[in-house]
Amino acid sequence: MRNFFTNAGGEGYDRPHDPYECGHTESGEACRFGPTPSGKCEHHAECQPLRSGVTFKCNRPEKWGGPCEAGPSAEGACSRVKHCKPMRSLRSKRRRLVSSVALLLFGAGLLLLGSRWSREVIVPGPLTSVHAQILNRTATQERCATCHPAGNESALGWIKTALHTSPGPTQTDLCVKCHTNLTPAEFATNPHTVASEALPEKTRATLAAFTHSIGLGAPDEVACSRCHQEHQGAEFDLKAITNARCQACHAEQFGSFAHGHPEFTSWPRASTNSVAFDHSSHADQHFAQKQQKFDCRSCHTASSTGEMRTSVGYDAACASCHDAALKASMTGGLALWNAPMIDADALRTAGADPGRWPAAAEGDFDGEFPALMKLLLAAEPESAKAFDKLGYDLNLFDLDIDDPAALRATAILAQASTRLLTELAGDPSDLVRRRMSVVLGREVKSDEAAKLVALLTNAQPQAAAATWYDGKPSNISESATGWRIDSAAVALKYQPIGHADPVLQAWLDIVAALPAERTSLRDAALAELAGPKSIGQCATCHTQSMQNQQFVWRLPTPSERPRPFTHFAHAPHVMLPELADCAACHARAAVTTVSTAQAQSDFAPLQKSTCVNCHQPHAAGDQCTQCHNYHVGLPSGMR
């Protein structure tokens, strides 16, 4: 059937919807019923003749031309029954043409995708320079497979990957494979590369709604390609993220940095200081007393890129004032083995035999076992029980000589001390490795043990045992540094070399790493080694890290610090004359003491108004990513 339409100019034209038209259409004699949808002529008569007496009369309606001239036959059959061969309509011809072209193109596409140069043709655009330089010498097909899971697959494999039915790795998995040092695999698809629990509850809810609305599924599955769009050209910034994209997930949204952004509360952020340094007391007291100018840039210098370094180091910044006191604290040396005064006769009378004991250390009960000796003795179960009875902070001057159990425990420690010196005379490094493995509850490596007794050979313990137990003179000469025999104190000691002494640092790290069940031992050892009057006075400035149970011996460089949510670059700011002086932004707070054990800063937080003056859309810019990192917890040098 033909349908009549009117175009914009008011002219009429035929636009058939059916797949076939009557064969007489072009002559203007088309039948009123038309062909069937399958293209067959139904041979319909134009009327149904009526009997009129012995003849028949034509009853064709007036709108179709009225009664025909020929009229019906003598048998009553209509004389106007048209027979034709239906022809395809214009719509059908177009459909067949389009389908043929589509099939042709699809077939050509399959041939193209199956060819060896298919990847050259379908590349959507050039890579950014950071990726292109890595893949430049790789064959095109292998280059695609580096980032695309189905890069080496057939067209069917591409379809499966697109429908997420392929069991292989995802594109994000391949990203992480190369960026393993930048993105923790377990959190690679998590927002901000952190555990979901680390995000505020309101933000998690907003993020879940957003990811569901765009079909991402779980809120902790954000593909790398959602933010990093490749094939945009060599100069395209893969890290560029718009403010709208940032605020799509955040529950707290605002119009701009100047209007709505929250006020700063702790920026520069407060952190656990690796080195305790009170700027206020140094500026107002120590430097003032010496009539020296307190200049921030004398310790915090700019690198070659203009960025401010954390510190110039102890020798340049601290040694002139602190070196003399530090070295004075090291005068007595660090005792590895020391015989306290024991009344051996009193022990034997009480039935507690101490065994052989140096004659120079016999007398009234007095003195303590040094920290390193306690650590090594605690590896023996009997010695550990003896310390449990007497306490690791025992001073023999306070020994209860009327307590038989206390006397027996003292005798056990005396015998264990003699065995310890004998074993030290064999292989010091191996002895320390074995015993500290027991105390720490983990295997101590040989190189780790070697640091604890660096430069100590079996000659010194052998000479010490021969001198103290057998009365033979020692032929080991005293030395300014290294291990020496202190005959007067009946001790084998290490003389530190000064600041950052490796042996002293190694023992402090061992003490810090003692397990919870050795708390009493750890506290007693730290009281001796990390107290305010301890050798080296290390803990006066250096904090003990709670994360890896080690002391932090140096300030981390910018590339070693964990990447926070907020970053700041000094270089473009200190170029401005009004910001050249650090005090223009950093105002000292009223802090009298900076502790190494808690997170704090002795500077007042910056005010947002300080930054808003410049950071406007028409000036320095106010993009979220100018100050905020998306990926956190990564070293800031790997951005």
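If you plug the beta carbon distance of residue 345 and residue 286 into 1/(1 + (r/R0)^6) with R0 = 56 Å, you get a FRET efficiency near 0.55. If you take all other residues with their beta carbon under 11 Å from the beta carbon of residue 520, and give Lys and Arg +1 and Asp and Glu -1, the sum is -1.
Under a point spin-label approximation (7 Å from Cα along Cα-to-Cβ), what is the residue 253-residue 62 distance to one decimal in nm? The answer from the label model is 7.0 nm. Candidate cross-link partners of residue 451 among the lysines, defined by an alpha-carbon separation under 23 Å and a same-chain spacing of 8 or more, comprise 327, 374, 493. With 0.36 nm allotted per residue and the present C-alpha distance subtracted, the residue 400-residue 231 stretch has 52.7 nm of extension available.
Between the beta carbons of residue 469 and residue 180, assuming R0 = 56 Å, the FRET efficiency works out to 0.45 to the nearest 0.05.
Highest mean packing first, where packing is the average number of other Cβ atoms within 10 Å per residue, the peptides 240-252, 326-338 line up as 326-338, 240-252.
No lab work stands behind these numbers, since they all come straight from the coordinates. These numbers were taken from a predicted model, which means no experiment stands behind them. Every residue, glycine among them, receives a Cβ derived from its backbone with ideal geometry; neighbour counts consider all protein chains shown.
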